[in-house]
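The values are calculated or read from the model by the stated rules, or taken from the named source; none is laboratory data. Values in this document were obtained by computation on a predicted structure and should not be read as measured data. Note that we place each Cβ from the backbone using ideal geometry, even for glycine, and neighbour counts take in every protein chain shown.
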Amino acid sequence: MNAVLPHLPALQVVVPLIGAILAAFLRRGNFAFTLTLAVSAILPFISGALLWQVLTGGPISYAMGGWAPPIGIEYRVDLLSAFVLMLISVVGVVIIPFAHRSVASEIDASKQAWFYCMYLLCLTGLLGITITGDAFNAFVFLEVSSLATYVLIAMGRDRRALLAAFQYLIIGTIGATLYVIGVGFLYLLTGSLNMVDVAQRLAAVEPDQMRTVITALAFITVGVSLKLALFPLHVWLPNAYAYAPSWVTVFLAATATKVAIYLLVRYLFSIFGVAVNLQALPVGEIIIALSLAAMFIASFVAVFETNLKRMLAYSSVAQIGYITLGIGLANQAGLTGGLVHIVNHAFMKAALFLALGAIVYRIGSARLGDLAGIGRKMPLTMAAFAVAGLGLIGTPGTSGFISKWFLAIGALDRGWWILVPAIMASSMIAFVYVGRVLEMAYLREPSAETARASDPPLSMLLPMLVLAAATVYFGFDTEWTAGIAGKASQALVQGLAR
Amino acid sequence: MNDISPGLVLILGALLVPLLHGRLRQAYMLALPLLAFWQVLGLPEGEFGQIHFLDMTLVTLRVDRLSLIFGYIFLIAAFLGIIYALHVDDTLQHVAALVYAGSAVGAVFAGDLVTLFLYWEGTAIASVFLIWASRTPSSYFAGMRYLIIQVGSGVLLLAGTLLHYHATGSIAFEHMGVGSPASWLIFLAFGIKCAFPLLHNWLQDSYPEATVTGTVILSAFTTKLAVYALARGFAGTEILVPIGAAMTAFPIFYAVIENDLRRVLAYSLNNQLGFMVVGIGIGTELSLNGTAAHAFCHILYKALLFMSMGAVLFRVGTIKGSELGGLYKSMPWTTGFCIVGAASISAFPLFSGFISKALIITAAMNEGYFWTWLILLFASAGVFHHSGIKIPYFAFFAHDSGKRCAEAPGNMLVAMGITASLCVLIGVWPKPLYDLLPYAVDFKPYTTEHVVTQLQLLMYSALAFTVLMRTGLYPPELRSTNLDTDWFYRRAGYALAVRFADGAQTFWEAVDRLVRHAVSKIVFRLHTYHGPGGILARTWPTGIMAFWTTVMLAAYLVLSYL
């Protein structure tokens, strides 16, 4: 055991990577699924152990291949990255049982092994972005995860999936390019790619080089904003979510954008924020303005959307607005709200997409009009949907309330009380779009199609029930969500240059 | 056990209801409020159930005399409501009713604003299902409007709580009075739920749309919870006196001309709330006692009235005054219970309303609120007129509609019977209720003066109704009649009242039209841009997305260099 423990950071990424390669060789969907299941089951133990080490002993630095940083690639686990690693692994293991039947029903048998291969590659990339302490290595993992994602989306049954994947490919590549240009600027300035090292050296740059710093900041922020679908750079997201295979949507909604958000926080708070006084730049204000636009505009679009996958996708754009709002506020409470919403939103949105996936599995449609009376035919599925939907609204007793509470306190601490009614008003819009679905599901008479539906098998049901229960549980016990997010944001905010 | 709110007993208990069937389910549902009641009886005063939540300490169970009396009556009302609804085979309604009642009980025992807010929203969300359970298009829209307003009230409460917490560092729910922005927000939140004038429309809009049994439950909790919250947080707030006085007076005009008898009761509900709000505004021990006592009695007799009208609706299928009449032959028991309720709401001596309303009116007189006192007297007469006489008269007597139906089901009769007995019992023997009030009571309701004044008031009101009926003046057509001058004033008064109500109606309809027009315009605009195919909702070509990326990049750079 002692031989393994020091190498946990590497294993976190290597295990799914090897899994991906093996999956490609297995060729049989069932075998590949079993392998993926095994890999998914191991990952939370690794990230749990990492989180434990960080909580008890502070940040971990791991020199990849024995090459000491800043020359070699450093894997660096601090509270923030451990928190996000934990999120990805836990979501991965909770939702994987759903994949078996859902994928079998939506993907050709001959392609299923490739599907799991791509999934594990995507997982590798996301975990890699989170764990690496090297700016360029992050770019590599960004590309790994993105390329795998394009393939996964293109595997959707709907022919429009191809177009959606293609659009995402173009836009995602632009985003990655902007990011790497920004990293290039940083390298020019500092001669280093190690994030901690870059931050230290940036603090020492000459004042006449500030323009380059600002340019690098702009490129990286916009590049990452594309990946995290910050309004108005979100347009790739709804189609990608709507036409991807149901289970892929669940995974992407819960993790992919969240990792991009992690990257944004990392750059704003651990690199640029440490080196220069960001308060003097309008970055925070721009992010807040865009977040507000997302919270309202995307929510309104969701209200009118009749394809529920697209509706939930637009709701994601709005919810990402909450997260970036907390990032823009850049104070203890606000950032805590943003970080805790990363987890809370991941769980509730995964539950929602899972429920929707189960509905698609049963009735083959995700249109609002086809769901009449389905609450009576698929009671547990819709119960999960309803609970997670309440979380989306921010109903007290759900985790969404916790996020919004911190955001509101953060806004008040910043002195911008006007944001408080804005947060509440946008919650009311969420109330409308969630309410539409619940009304259709519970208060209408079942149609001929829905009358034949029933709750899906346990392997599909359990993941969504667990996530819905988590939405409620973390509305009361916040030690593992807001507690850790609070500590992480405290460290980040204290590190900011004034 | 002392750390669990009695409200949670009902809420968590409700979750098991869908699993049970038949007799077992009925027995279980009846046992829940009894269990909670038994728990409340054993509660010592103090604060329990502290939960550390974020950085705050929630007090989920605060027991004092004010919360206790509301806790008792809420649980009694829940019990009666469940008996009344026993024949219903609709799981949704049963669960909603239990969660709703549980939330109201939980809110009353909440010791801090966050817990209060949690239960506050609980009542909003649970109760709307009682309206939707009618499963008609109109109930759906009424429910939606109701829900938006109720949730909106909760959102205001939350906003106020946040500001309060941020300003004072405390979330304890104690007396606050108006002043800071936080307290105004909270006041407004309470006011919406209490159906303050101009914030009241949700009540008359939604309650008559609920199911037969749903309305009975609805009438008990939401508004009285608001009364409790006002009494806790804003006792002695001067502005409540005129607000309450207005609440007692203006619904009368509407109630007189309304044909839907359940809606008449909704208006009179509003009017009764006015008495309680005045009591809170005066803020003396006597008036606060009056508010608590009146809430207690009011929940009973209002439920009784809604029960009897519900029974009529259940058996006849309509509750329009113009289509009913002569039902006393078919439903003698219901008629009797309705009359008990009518006598109670009209504050006949020996009925419950008399011993509670007197506290408030006396307090108003003692503290020198002459005009308020006068309005309260007028309102008392008005109540008798529309709730005391109009309701039983049009439903059970008047001209015989020829409708013949069965008597109400047994469980309804039992519920009405118990409620009616309580109304009489409290009226005859008020001491047990007085002993429960928040402050020590030194008040004798049955003095000659009180009784005579009240009887005079009632007699004149009855006379007015009789004459109006006899002369065909009721409803509004006017015909010239020669009566003595005293009567002339009264008739002119009524004509004026009818005019006023008509005018107000027209005005509100105009406002309503304007609002609807504006709303539909806004929705149209929103739809144009956000609806499917709108610029913000459609899929942009890849080039446009790339263009926006460039714009964003340029914006960051330009703004950063500025």
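Quick one: would you say A:Leu193 is touching a residue at least 24 places away in the same chain (Cβ under 8 Å), more than 14 Å from chain B (Cβ to nearest Cβ) and either under 18 Å from B:Tyr561 (Cβ atoms) or surrounded by fewer than 17 Cβ atoms within 10 Å (Cβ to Cβ) (or both)? For A:Leu193, the condition - touching a residue at least 24 places away in the same chain (Cβ under 8 Å), more than 14 Å from chain B (Cβ to nearest Cβ) and either under 18 Å from B:Tyr561 (Cβ atoms) or surrounded by fewer than 17 Cβ atoms within 10 Å (Cβ to Cβ) (or both) - is not met.
No other residue among B:Ala172, B:Ala126, B:Ala182, B:Ala167 is in the same structural domain as B:Gly71 (by TED's automatic domain parsing) and either surrounded by 22 or more Cβ atoms within 10 Å (Cβ to Cβ) or within 22 Å of the chain's Cα centre (by Cα) (or both) apart from B:Ala126. Among the conditions (1) within 24 Å of A:Arg414 (Cβ to Cβ); (2) surrounded by fewer than 24 Cβ atoms within 10 Å (Cβ to Cβ); (3) free of Cβ contacts under 8 Å to residues at least 60 places away in the same chain, A:Phe304 misses just one, which is (1). Look at A:Phe98 and say whether it is closer than 21 Å to A:Leu467 by Cβ, touching a Gly at 6+ places or on another chain (Cβ under 8 Å) and not charged (D, E, K, R). So A:Phe98 fits the description; yes.
Within region A:413-421, is even one residue within 9 Å of another protein chain (Cβ to nearest Cβ), farther than 15 Å from A:Asn344 by Cβ and touching a residue at least 24 places away in the same chain (Cβ under 8 Å)? Scanning region A:413-421, I find at least one residue that is within 9 Å of another protein chain (Cβ to nearest Cβ), farther than 15 Å from A:Asn344 by Cβ and touching a residue at least 24 places away in the same chain (Cβ under 8 Å), so the answer is yes. The residues in region A:147-179 that are surrounded by fewer than 20 Cβ atoms within 10 Å (Cβ to Cβ) and farther than 28 Å from A:Trp247 by Cβ can be counted, and the count is 1. Counting only helices (runs of 4 or more DSSP H) that sit wholly inside region B:1-95, those with at least 1 residues that are within 14 Å of another protein chain (Cβ to nearest Cβ) are B:6-14. Taken over region A:279-288, residues that are among the small types (Gly, Ala, Ser) and within 10 Å of chain B (Cβ to nearest Cβ) amount to 1. Scanning region A:89-137 for residues that are aromatic (Phe, Trp, Tyr) and surrounded by fewer than 21 Cβ atoms within 10 Å (Cβ to Cβ) returns A:Trp114, A:Phe136. Residues in region B:141-149 include at least one that is touching an Asp or Glu at 6+ places or on another chain (Cβ under 7 Å), modelled with pLDDT under 90 and more than 11 Å from chain A (Cβ to nearest Cβ).
Cβ separations smaller than 9 Å between residues 6+ apart or across chains give no pair from region B:538-550 residues that are at positive phi and more than 7 Å from chain A (Cβ to nearest Cβ) to residues that are among the aromatic types (Phe, Trp, Tyr) and part of a helix (DSSP H, G or I). For region B:84-95, a residue qualifies if it is hydrophobic (A, V, I, L, M, F, W, C) and buried (at least 24 other Cβ atoms within 10 Å of the Cβ), and exactly one does: B:Ala85. In the set (1) touching a strand residue (DSSP E or B) at 6+ places or on another chain (Cβ under 8 Å); (2) modelled with pLDDT under 95; (3) of a type outside the set (Ser, Thr, Tyr), A:Val103 fails one condition alone, (1). Farther than 22 Å from B:Tyr301 by Cα and away from chain A (no Cβ under 14 Å) - does that describe any residue in region B:97-107? Scanning region B:97-107, I find no residue that is farther than 22 Å from B:Tyr301 by Cα and away from chain A (no Cβ under 14 Å), so the answer is no. State yes or no: is B:His52 out of contact with any Leu (no Cβ under 6 Å at 6 or more places or on another chain) and under 30 Å from A:Thr336 (Cα atoms)? Taking the combined requirement at face value, the residue satisfies it.
Taking each residue of region B:50-61 that is surrounded by 14 or more Cβ atoms within 10 Å (Cβ to Cβ) and looking for partners that are of a type in the set (Phe, Trp, Tyr) and not in a loop (DSSP other than H, G, I, E, B) with beta-carbon atoms closer than 7 Å, six or more apart or interchain, yields B:Leu54/A:Trp405; B:Leu61/B:Phe48. Would you confirm whether or not region A:435-456 contains a residue that is buried (at least 19 other Cβ atoms within 10 Å of the Cβ) and over 14 Å from A:Met382 (Cα atoms)? Within region A:435-456, not a single residue is buried (at least 19 other Cβ atoms within 10 Å of the Cβ) and over 14 Å from A:Met382 (Cα atoms).
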